[in-house]
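Okay, structure first, notes after.
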There are 2 protein chains.
Amino acid sequence: MVRDYNCGSEAEAAPRTTPDRVTRSQQSAMSSKRSKPEVRFRLRITKGDAIAIGPGKTDLLEAIAKTGSLTSAAKALGMSYRRAWLLVDTMNQCFREPVVTTTSGGARGGSTVLTELGLEVVRRYRHAESAALSGGKRDTDAILGLLR
Amino acid sequence: MVRDYNCGSEAEAAPRTTPDRVTRSQQSAMSSKRSKPEVRFRLRITKGDAIAIGPGKTDLLEAIAKTGSLTSAAKALGMSYRRAWLLVDTMNQCFREPVVTTTSGGARGGSTVLTELGLEVVRRYRHAESAALSGGKRDTDAILGLLR
């Protein structure tokens, strides 16, 4: 059932038993023999069933900071305005103060910006990710050394 | 659009604009005001599109180690045998040596066990997760302090 065959061209030539279908990720594992492995820690802080902050929400906050608009940020991330709005709304409920605020009026209409708290959450989140990578490096390097 | 309203009972009484529907995660964010927040780093090591090791695969390896059977491990995790088999197969292709091996024969038939390499991957993976938590603690504590 579990066989010891080589990755790469030999694997494709090797007789396959069940299941016959080769998945996309398996094909990729075979074809990307020399592709550089990647280590990633994804941080999520949950409160009950709600994700207060995670990778998607952080990407959204950064996109809002960059574009000054929830509509543009949603578009840049390929998500619906409604979904972006719900993510922001959940964050605004989970944190002590809103992470995002809307300035109305002005010549070109209102814009959406991160609050001080929103900026701090993003900064801390990205820093926590880097610190996690550093913290786990000894073990993740050891795992990388066990890959083909 | 983005409003500054309180979490908890006030939030539910507050007038809501678009969108009207309150999602499960939002209800949860409101109702679980005092539930303890959780910080989690999920580690994934990818090679091309394949995940060499991640949370699901590590859980599976641990379940195999515990049960001595791929069938039992799959059942314990609520996944199909086929899916468990594919996850093991991907790992066996990504690592230098198989993470799992099957001993055939014997009075009660064969059993599935982790190889030395499989055991090391699990140990390193769990240790990397703990080290990541420690490494990121200063920043995640700061974020926790910003939650309601």
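Filter the stretch B:101-139 down to the residues that are open to solvent by less than 60 Å² (accessible area, probe 1.4 Å) and assigned to a loop (DSSP other than H, G, I, E, B) and list them by number.
Of everything in the stretch B:101-139, those that are open to solvent by less than 60 Å² (accessible area, probe 1.4 Å) and assigned to a loop (DSSP other than H, G, I, E, B) turn out to be B:Gly105, B:Gly109, B:Gly110, B:Thr115.
Please verify whether B:Val39 is touching a residue at least 40 places away in the same chain (Cβ under 8 Å), outside any helix (DSSP H, G or I) and within 7 Å of chain A (Cβ to nearest Cβ), treating the condition exactly as stated. Explain how you work it out, then say what you get.
Details: touching a residue at least 40 places away in the same chain (Cβ under 8 Å): yes; outside any helix (DSSP H, G or I): yes; within 7 Å of chain A (Cβ to nearest Cβ): yes.
The answer is yes for B:Val39.
Out of all the residues in the stretch A:54-61, is one or more at pLDDT 95 or above, under 15 Å from the mean Cα position of the chain (by Cα) and of a type in the set (Ser, Thr, Tyr)?
Within the stretch A:54-61, one or more residues are at pLDDT 95 or above, under 15 Å from the mean Cα position of the chain (by Cα) and of a type in the set (Ser, Thr, Tyr).
Suppose the filter is modelled with pLDDT under 95, surrounded by fewer than 17 Cβ atoms within 10 Å (Cβ to Cβ) and under 20 Å from A:Gly54 (Cβ atoms); does B:Ser35 pass it?
yes
Considering only the stretch B:74-100, state which residues are crowded, with 20+ Cβ neighbours inside 10 Å and touching a strand residue (DSSP E or B) at 6+ places or on another chain (Cβ under 8 Å).
B:Val88, B:Thr90, B:Met91, B:Asn92, B:Gln93, B:Cys94, B:Phe95, B:Val99, B:Val100, listed by residue number.
Among the candidates B:Arg82, B:Arg126, which residue alone is at pLDDT 95 or above, at the interface with another protein chain (Cβ under 7 Å from one of its Cβ atoms) and at negative phi? Give the steps one after another, and end with the answer.
Values: B:Arg126 fails: at the interface with another protein chain (Cβ under 7 Å from one of its Cβ atoms).
None of the other options fit; the residue is B:Arg82.
Answer with yes or no whether A:Ala142 is touching a Gly at 6+ places or on another chain (Cβ under 7 Å) and either without any contact (Cβ under 8 Å) to a residue 12 or more places away in the chain or in a loop (DSSP other than H, G, I, E, B) (or both). Spell out how you get there, then give the answer.
On the way: touching a Gly at 6+ places or on another chain (Cβ under 7 Å): no; either without any contact (Cβ under 8 Å) to a residue 12 or more places away in the chain or in a loop (DSSP other than H, G, I, E, B) (or both): yes.
No.
Read through the list (1) more than 7 Å from chain B (Cβ to nearest Cβ); (2) modelled with pLDDT of 95 or more, then give the number of the only condition that A:Ser111 fails.
Unmet condition: (2).
Looking at this structure, is A:Thr71 open to solvent by 10 Å² or more (accessible area, probe 1.4 Å), out of contact with any helix residue (DSSP H, G or I) (no Cβ under 8 Å at 6 or more places or on another chain) and either among the β-branched types (Val, Ile, Thr) or under 23 Å from B:Thr46 (Cα atoms) (or both)?
Judged against the criteria, A:Thr71 is not a match.
Filter the stretch B:53-62 for residues that are open to solvent by 10 Å² or more (accessible area, probe 1.4 Å) and among the small types (Gly, Ala, Ser) and give the result.
The answer is B:Gly56, and nothing else.
B:Lys57 versus (1) without any contact (Cβ under 8 Å) to a residue 24 or more places away in the chain; (2) in contact with a Ser or Thr (Cβ under 9 Å, 6 or more places away or on another chain); (3) more than 10 Å from chain A (Cβ to nearest Cβ); (4) under 23 Å from A:Arg42 (Cα atoms): which is the lone unmet condition?
Just one mismatch for B:Lys57, condition (1).
The values are calculated or read from the model by the stated rules, or taken from the named source; none is laboratory data. Fair warning: this is a prediction, and the values are worked out from it, not measured in the lab. Neighbour counts run over all protein chains shown; Cβ positions are idealised from the backbone, glycine included. Heads up: the accessible areas ignore ligands, DNA and RNA and are worked out on the full protein's heavy atoms, side chains in. Shrake-Rupley method; radii C 1.70, N 1.55, O 1.52, S 1.80 Å.
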